[in-house]
Each structure stands twice: as C-alpha cells, then as structure tokens.
Amino acid sequence: QQIQEDLNKQLLDNLVSFLSRSHSEFQEKTTEWTCRMKFREIPTAALVLGVNVTDHDLTFRGVSDVLQDNITPYTALLEAKDCPGIKNLMQKLMGQLMNCDIEADSLEDEDYVHVSQNRIRCSMSSLISWYKSVTKKTDSETPSKKRNSSSRHWQSPPVVVIFKDMESFTTKVLQDFIVISSQHIHELPLVLIFGIATSPMIIHRLLPHSVSSLLCIELFQSLSCKEHLSTIIDKLLLTSRFPFKLGEKVLQVLINIFLYHDFSVQNFIKGFQLSIVEHFYSQPLSVLCCQLEDVKKRVNSLSHDQCENIRRLPSFRRYVEMQESGKQIALLTNDTFLKEETQKLLEDLHVYHENYVSILRCLHVFTSSLPKYPLGKQIRELHCACLENRVWETEEYESSLQLARMLNKTDLVTMLQQCMEILVSSSGKGFDKTIEKLKEFLTQFQNLEAEASQERDVSISSQKELQKKTDLYHLQKTLLELKESRRSKKLTKFEMLRFEVVDYIDSLVRKYLVPADTRTLHEIVYFNAAAVLRGHLNAAPRTALHTALNNPHWYLKNQALKCDGGGISNKAPDICIVYKLHLECGRLINLVDWLEAFSTVVMAAEEPNADAASSDQVDDVIHARFIRAVSELELLGFIKPSKQKTDHVARLTWGGC
C-alpha cells in the first residue's frame, strides 16, 4: 500500500494543482473564470488509469482521501451501476455530499438532511441552495473555528464529482448532468473528474461536440500497470527485507495471469498473499522462514520431529550425500549437530539472497541498455530467467554478451558507474574486491582517453611525413605496411579492455546468479507449489460444481455421504440426488420417471417394504423436495423446460469435467 501511494503521489499532486487553479479562479472571480463562466465551461480532469479496472478502487480511494483531507469535504464518487438515470445520479450525488457535510459538523438540523435526501429535493437548484447555506455557516463561524477549518479545507471549497467508470455511464445521463451543471457553473464551483480505462477519445465518442465543448478538459496519465508491477516486484521480491520468496513457476503463474488476464496489480498482490498463506500452512519448516537475526533462536527451538523433516528435504539429502561419511552419520543421527549445520546453511542462504539481488541489478544495468533486449527490458523478466535455470547457458544470454562487446566507451563507463553504486549501497558480503576491480576499469578507461589523444597527434604527424616522401620505393613500402596492418586487424586497447569488462561481469553472473533450487534448504523459504496456486486463482466453476453435486463428501467432509462404486446415498442433499439421477438420462428427461427414481432413493432407508408402496402415493413432502431440487438444478443451468413435451425437461450439459 505504501509503494502504491508513492507511485500515485505525482498524479495526486498534479490533481491538487489542477483543483487549486480552478478553485482560485472561481474564488477570486478572475478574468479567466469570467470568460469560462460566459462560455459555461466546467473544469474537468480526465484521469486515464488503464484497463486494470480492479486497481482503480485503490486509486480513487486515494484521490478521494487526499481531496477530503486537504482541499474540500464535498467530494462524491459515482459509479455507473448506481446511476441509470439523471434522477438517480442527483440523488446519489446529494446523498454523498450531505454525508460529507454531517461529518464536517456544518449542519445542526437533522430534519434538513432527511429532506435533502428526498427524491423531490434532489435537483441542481436545491444543491446550490445547500452549498450556499453550508459555506455561509462556515463564514459566520467564530475566528478560532474558522482558523481550524481553513487549516484542512479551503474557503468556499469546490464540489468535486468523480465519475469512477466513465465508459459505463449512459450517454444521456452524462449529457443531461453536464448541460444542467454548465447552466449553474457561476453559482456552484463544480469540478468533474472522469475515470477512464481506455482512451481519452471516449469523451468525444460518448458526448457530442455541443456537450463536450462545455468542458475545460485537462488530461492526467497514471503510471503504466507494467511499470507498476515491476516496481512492486522490485520492492517486495527483490529485497532482503522479506525472507519469503516465490519460486520460478509460482512467479511465472502470477505474471502470466497479470499479462494475459487482467493487468491487475491488486490481483498479483492477492496471489502473493495467498502464496504466503499456503506456504506457511503446508510447509512444516516454515517456522525457519524468518529474518537473519532470528535464525539462531528458531533453529535452537526445533523439536526432534522438525529435525526429521529437515532430513527429508531433497536439497538437504543432496547436501548430505556430498559430505564425508563421518559428517553424514552426525547429520542423520545427532540433532544438536544438525541444528548447528542448519543455522549455518540458513545464514548462507540469506547471504546468497543479498548477493543475488545486487548482481542481478548489475546485470540488468547491462541488459536493459542493449538494443534488442534478449533477456527482457524489465528486471522481472531477468529474475525469472535466472530462477528457471543457469542463465549463462541460454542463447539469450550469449546474444546479450555479444551485443555488450559492441558497446561504446561512454555507455560502458556509465554502466560501470551504476554497478559500482549498486554494490556500494548493497547489504551483500564480499563485494570489496569487486568494487576495487570496477574502479580499476574506470581508471583504465580514463587513461585510454589520454593515450587516444596522443595517438591522434602521432597519426597526424605520420600522414604529414607520408605526404613529404616523394621516393617511389619508400612510398610503396609505407603503403604496403599500412595495408598489412589493416589486414591483420589487431584489437585496440579499448577493444581489449571492453572484452575484459564483459568477461568480468560474466564471471560475477556465473558466481552469484546460481538458480535458487540448487541451494540447500531452499524449500524452507521458497514457495514452489505452482499447481496449488493455479488451482486457487484460475477458477474452474463447472468442475467445482460437478464435484460438489456428484461427491458432496469432498466439501462437506461427512463420512455418511461417502459412496463407493457410483452409488447414491439417501442422506445426500436433494439436489445431489437429483443431479446424479439426471446424469443417467438422455437428452430429454421425463419428470414423472425422475420423481419416482428420486422417491425410491429417498425412501429406501425409511421404508424397508418399499415394493408395497404404490408410485401414485408419493408423499407430498417428497414431491415438494423434488420440485425444489429440480428448480435449483435449472437455476444452475443443467436443465431447461422442453417445448417438445410439457412433462419433459432438456438436459444441457454433457461430457466429463
């Protein structure tokens, strides 16, 4: 939430500045406002937020809070579903404004609030009268109260109306409200904010020119949702502050849902939260997923069963196999020795994370500056590539190195300076020699500049000497030497230094960007159950519905409902019995036969002599239960009435789930 507030700060500051200009023009009655009033223009902010509609709630909540805390208590947030007509819009608008007024303690008469919410009073004239009355009461307050109120809100604050989802509003509602408001703009300091998910052109598509000309529109663009996601990943995942980590497949599932479904950062964060809950619920050793300073305390408190769980981890078993026989016996039999080794391994894992993040950022400095972005432009793409496998073995990495070996000196110096800043500010260990090496490279590049200037002077003097030589023999000899030197194509000092820099960065990548699944005890801090997370996030309603109706024991956990061999339990809910019976039928289902089968199943345990009972004497209660179950099945979309036969229903679903 703090990260998102920081990302939206620039947008909110621009909105406040826009409202400040609009408000000051109204309050001071300047020439610009007089001209605007003459043309009946309404100050309007077009807020383009992108197609990630589920993230708009948080943005508008932040906008509304900032406006109500600093500018005006009169802010209304309208949604299209609540405003099918102009009367509904005015009722919703005035209702929200009155509530704001009650919170500001500006009205003392409770009956007035009740009357103002009446449909009869919901008009622009009554809204203007209400605004004049509340601003007049504010002006007539004692100086101390007025001073306190002015510290939070402006004098004669504007009325801000936010249309949260402009594309969903009907054209007639918007037109009527804008036309009516423009006729009273000289009496009411109204400011509109349009929330736009697609393009600003939607304003001109929804509104004719005669209506859009009544708006003085200023465009505001929010941060791209992809940049928003990259910042979230950078601050939440690529940091040593939080010990919990997402595995490569889990992270890829969340990113794919983001890119191919909704572009919603909120849903990505929900998936991240769900991963945390699932990891700490399903992993018995998640108690060790903690900050570095708490590792020793947590490890020492482990029980014998938890020590056995550590010994069962695949990564720990691989680690034991690599040790000598004496240490293997101690790790598998001695809990005290195991705890000491576990503490050391977890501390090494924390150091690995700190170094990994620093070198990953350095590599991103190089790859993001390349023209073709073989490893991706965003750091999240590079992070996924490093988690998946040894990144230096991929073709994309080789292409990146080839492109890096063609960079010019200015770009290389800039990249080295950025890498040095990253490593200096890093909390990772063992980077002192790396920083010294980068400083050495920078010094060599500076020395190359001095040598290059001297070489230019020498080449100029040699060309002058060549021009002075008139002897044919010496002239041919000199030209042949120049031709041979060009043919040999020896590397210059700059090219050799450039190759050395790229090779050194490559050595850092091979040393520090090892995949996490190769580290011992990575299962404790990494969540890798991608299938479980996908099952939670990618809903399959038909499968879940079939499971619930065909096997209610799966959800209800009632042993009495458990049936073997495809039988039907008479203790199951009525809709489950009806559903399993309908699976045995064809395209058309006879309701009478269906009722008799339902009655047979329900009365099987109650009446042992069911053969003596006549099918014509079905109990009324069972009949009512059957009708209700069939109606519920129809509501769920499994059957529908048939026009061919009145006493039949048509089946709508086929095949397995």
| note | One finds the C-alpha centres of the range 552-600 and the range 219-264 to be spaced, in Å, by 45 Å
| message | Let me check something: with ligands and nucleic acids excluded, how do ILE435, ILE568 order by accessible area (1.4 Å probe), largest to smallest? | response | ILE568, ILE435
| query | If Lys and Arg each add +1 and Asp and Glu each add -1, what is the summed charge of the other residues whose beta carbon sits under 12 Å from the beta carbon of GLY586? | reply | 0
| task | Any chance you could look up the accessible area of LYS245 with a 1.4 Å probe, heavy atoms only, rounded to 10 Å²? | result | 20 Å²
| request: Would you mind getting me the FRET efficiency between GLU187 and HIS553? Use the beta-carbon distance for r and R0 = 56 Å, nearest 0.05. | output: 0.25
| Accessible area of the range 231-372 belonging to carbon and sulfur atoms, whole % at 1.4 Å probe | 52 percent
| task | Specify, per residue and in Å³, the volume enclosed by the convex hull of the alpha carbon atoms belonging to the range 498-604. | result | 204 Å³
| With each label point set 7 Å from Cα along the Cα-Cβ vector, what nm distance links ASP348 and GLU293? | 2.5 nm
| request: Using 0.36 nm per residue of separation minus the Cα-Cα distance, give me the extension gain between ASP57 and LYS235 in nm, one decimal. | output: 61.9 nm
| request: Whole Å is fine, so just give me how far the alpha carbon centre of the range 389-426 lies from that of the range 347-378. | output: 9 Å
| remark: With every protein chain in place, the accessible area of CYS122 for a 1.4 Å probe, in Å² rounded to the nearest 10, comes to 20 Å²
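Summing Lys, Arg as +1 and Asp, Glu as -1, what charge do residues with Cβ under 13 Å from the Cβ of LEU423 carry, LEU423 excluded?
Net local charge, LEU423 excluded: +1.
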| query | Between SER123 and THR198, what FRET efficiency comes out of the Förster formula 1/(1 + (r/R0)^6) with R0 = 35 Å and r the beta carbon distance, rounded to 0.05? | reply | 0.60
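Just the number please: accessible area per residue for the range 172-306, 1.4 Å probe, all protein chains included, in Å².
47 Å²
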| said: Students often get this wrong, so check it: of LYS92/LYS226; LYS439/LYS493; LYS92/LYS172, which have C-alpha atoms separated by over 27 Å? | reply: LYS92/LYS226
| task | Rank by packing, highest mean first: peptides 228-237, 66-75, with packing defined as the count of other Cβ atoms within 10 Å averaged across residues. | result | 66-75, 228-237
| Listed residues TYR504, TYR555 arranged by accessible area, highest first, probe 1.4 Å | TYR555, TYR504
| Can you list the residues of the range 552-591 with backbone N under 11 Å from a point 7 Å past the Cα of ASP647, pointing along Cα to Cβ? | 590-591
| task | Report MET201's accessible area, 1.4 Å probe, all protein chains in place, as a number in Å² to the nearest 10. | result | 100 Å²
| Rank MET415, MET322 by accessible area, highest first, at a 1.4 Å probe radius? | MET322, MET415
| field | Total formal charge among the other residues, if their Cβ is under 13 angstrom from that of ALA531, Lys/Arg +1 and Asp/Glu -1 | value | +1
| request: State the extension gain, in nm to one decimal, for the chain segment bounded by ASP13 and ALA529, taking 0.36 nm per residue of separation less the distance between their alpha-carbons. | output: 181.6 nm
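The values are calculated or read from the model by the stated rules, or taken from the named source; none is laboratory data. Model, not experiment: these values are computed from the prediction. Methodologically, a virtual Cβ is constructed for each residue, glycine included, from the backbone with ideal geometry; neighbour enumeration extends over all protein chains shown. These area figures cover heavy atoms from the full protein model, side chains too; ligands, DNA and RNA do not enter into them. Shrake-Rupley method; radii C 1.70, N 1.55, O 1.52, S 1.80 Å.
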